[in-house]
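Here the structure is laid out as structure tokens; the discussion comes afterwards.
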Amino acid sequence: SKKEIYKDPKADIESRVEDLLSRMTLEEKIAQLAGHGLATDSNARLGIPGLLMSDGPIGVRTGKATVFPAGVAMGASFDTILVKKVAKAIATELKAKGLNMILGPCMDLQRFPAGGRNFETYSEDPFLNGTYASNYIRAAQEEGVIACAKHFACENIQWERFKLNQNVEERALREIFFPPFEKSVKEGNVLSVMASYYKINGISATENAFFLNEVLKKEWGFEGFVVSDWDATHSTIQAANNGLDVEMPQPVYFGDSLLAAVRAKAVSEEVINDKVRRVLRAKFKAGLFDTKYVPNDALVNSQAHKDLAKEVAIAGMVLLKNKNQILPLDRSKIKSI
């Protein structure tokens with residue numbers, strides 16, 4: 001067999017990806033594109049590590065871990081250095097549990113007061129959300145874990161989220177909903193993006209070619225992989241051809257049915273190769289082939305991390321001062337705000 005370039009940590013990542021891809025069977029490729037619960041399968045024959053995920057933009061949600069203040073408190077601090085410290089701490093605890101992918105940051109816009117995920121995200125402002133998210137991503141990924149920008153896009157209501165359709169004009173998408181994700185890709189170099197539950201303009205986010213292929217991958221140059229939210233995939237052929245790369249939490253559409261679709265030529269093997277390249281690239285970039293993390297409980301919920309959580313809580317408290325008795329506002333004297 002030819003030299004195993006993919007095993008050489010000194011070789012460039014694209015060469016490692018192409019070498020490994022050339023050694024994989026179609027079945028092995030497809031096995032990289034769906035998960036079971038919170039993990040994807042490893043490949044023992046070729047030594048490909050699986051993705052070992054945990055939820056938690058504000059702390060690792062696997063067993064006991066430090067819970068950091070809500071994202072909105074972090075947003076109120078206007079402190080990107082603090083966000084980086086939190087992301088680094090979360091990545092440290094993730095690795096200490098033997099895991100390698102954190103399902104965060106969350107950069108949904110707080111547009112609906114009863115939004116069930118508001119606590120995880122930062123604010124109602126696209127620029128602030130994107131700035132925080134890209135800092136979080138860079139800090140987490142520098143620690144050798146895969147970050148996941150979520151939920152792409154328009155996810156700000158949890159009520160009936162499995163069947164909700166949002167009609168949003170392209171201008172609103174580009175000015176309000178896309179900027180945090182664009183910053184995550186271009187400034188954060190995020191390795192994965194999660195497609196949301198919603199239909200947007202009648203098309204599920206997990207099979208929306210405009211969102212995933214046109215904007216995310218072509219326009220912004222995203223090189224990582226798109227993962228579905230849990231049970232948010234609704235088709236095999238449309239989802240595969242329109243930009244979804246990994247189905248979670250079970251291979252309902254991206255298992256045997258995807259293999260059958262490729263054999264029937266409804267999905268080309270080149271489309272499969274692109275998906276596998278993206279998954280392998282993220283794994284190589286995060287160092288998953290070259291670094292083995294040994295679980296270490298002492299690094300989880302450490303005193304340093306508890307102190308950091310307290311620091312964030314204090315920084316997020318904002319006291320408004322009623323300077324010059326401006327409040328309550330006098331409507332007879334105000335012409336504009």
Review point. Anyone know which of Asn296, Asn213, Asn118 comes out most mobile in the 10 Å Cα GNM of the chain?
Key: Asn296
Review point. Mean residue ellipticity at 222 nm from the helices of the chain, using -39,500 (n - 2.57) per DSSP H segment of n ≥ 4 over the full residue count, to the nearest 500 deg cm²/dmol?
Key: -9500 deg cm²/dmol
Revision key, fill the gap. Expressed in angstrom, Rg and Dmax over the Cα atoms of the range 84-182 are 14.3, 44
Exercise for review: With a probe of 1.4 Å, find how much accessible area the chain has per residue, and write the answer as a whole number in Å².
Suggested key: 47 Å²
Review point. Considering only the chain, what is the antiparallel percent among its DSSP beta bridges, to the nearest 5?
Key: 25 percent
Revision key, fill the gap. On the accessible surface of the range 1-156, probed at 1.4 Å with all protein chains in place, carbon and sulfur together account for a percent value of 58 percent
Point to revise | Ratio of Rg to Rh over the range 272-320 (Cα coordinates, Kirkwood Rh, two decimals) | key: 1.29
Check your understanding: Fully extended, how many nm does the chain gain between Ser268 and Asp231 (0.36 nm per residue separation, minus their Cα-Cα distance)?
Key -> 10.9 nm
Revision key, fill the gap. With R₀ set to 51 angstrom, the calculated FRET efficiency between the beta-carbons of Lys3 and Asn167, to the nearest 0.05, is 0.40
Check your understanding: What is the Å³ per residue value for the convex hull set by the Cα atoms of the range 214-337?
Key -> 261 Å³
Practice item. Counting only C-alpha contacts under 8 Å and six or more residues apart, can you give the relative contact order of the range 1-127 as a whole percent? Key: 20 percent
Review point. Which one of Val271, Val294, Val227 has the biggest mean-square fluctuation once the chain is modelled by GNM with Cα springs under 10 Å?
Key: Val294
Practice item. With only alpha-carbon atoms counted, please give the Rg and Dmax of the range 1-117, in Å. Key: 18.6, 60
Point to revise | the chain - Rg over Rh from alpha carbon coordinates, Kirkwood radius | key: 1.01
**Study point:** Three principal axis lengths of the range 157-211 [C-alpha, angstrom, descending]
**Key:** 32, 23, 22
**Study point:** FRET efficiency, Ser257 to Ile337 (Cβ-Cβ, R0 45 Å, nearest 0.05)
**Key:** 0.20
Exercise for review: Give the relative contact order (percent, whole number) for the range 71-174; include only Cα pairs under 8 Å separated by 6+ residues.
Suggested key: 35 percent
Review point. Which residue, Ser54, Ser22, Ser42, has the most motion in a Gaussian network model of the chain that connects Cα atoms within less than 10 Å?
Key: Ser22
Review point. With all protein chains present, how much of the accessible area of the range 193-269 (probe radius 1.4 Å) comes from carbon and sulfur, to the nearest whole percent?
Key: 50 percent
Review point. Taking +1 at the Cβ of each Lys and Arg and -1 at the Cβ of each Asp and Glu, which of Ala304, Ala34, Val145 sits farthest along the dipole of the chain towards its positive end, judged by Cα position relative to the Cα centre?
Key: Ala304
**Study point:** the range 1-97: trypsin sites (Lys or Arg not before Pro) in DSSP loop, at most 10 other beta carbons within 10 Å
**Key:** Lys2, Lys3, Lys10, Arg45
Exercise for review: Check each of the chymotrypsin sites (Phe, Trp or Tyr not before Pro) in the range 156-189 and keep only those in coil by DSSP with at most 16 other C-beta atoms within 10 angstrom; list them in order.
Suggested key: Trp159, Phe162
Practice item. Within the range 251-316, report the trypsin sites (Lys or Arg not before Pro) that DSSP leaves as loop and that have at most 10 other Cβ atoms within 10 Å. Key: Lys265, Lys292
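The values are calculated or read from the model by the stated rules, or taken from the named source; none is laboratory data. Remember, predicted model here, so these are calculated numbers, not experimental data. Methodologically, a virtual Cβ is constructed for each residue, glycine included, from the backbone with ideal geometry; neighbour enumeration extends over all protein chains shown. With ligands, DNA and RNA removed, areas are computed over all heavy atoms of the protein, side chains included. Shrake-Rupley method; radii C 1.70, N 1.55, O 1.52, S 1.80 Å.
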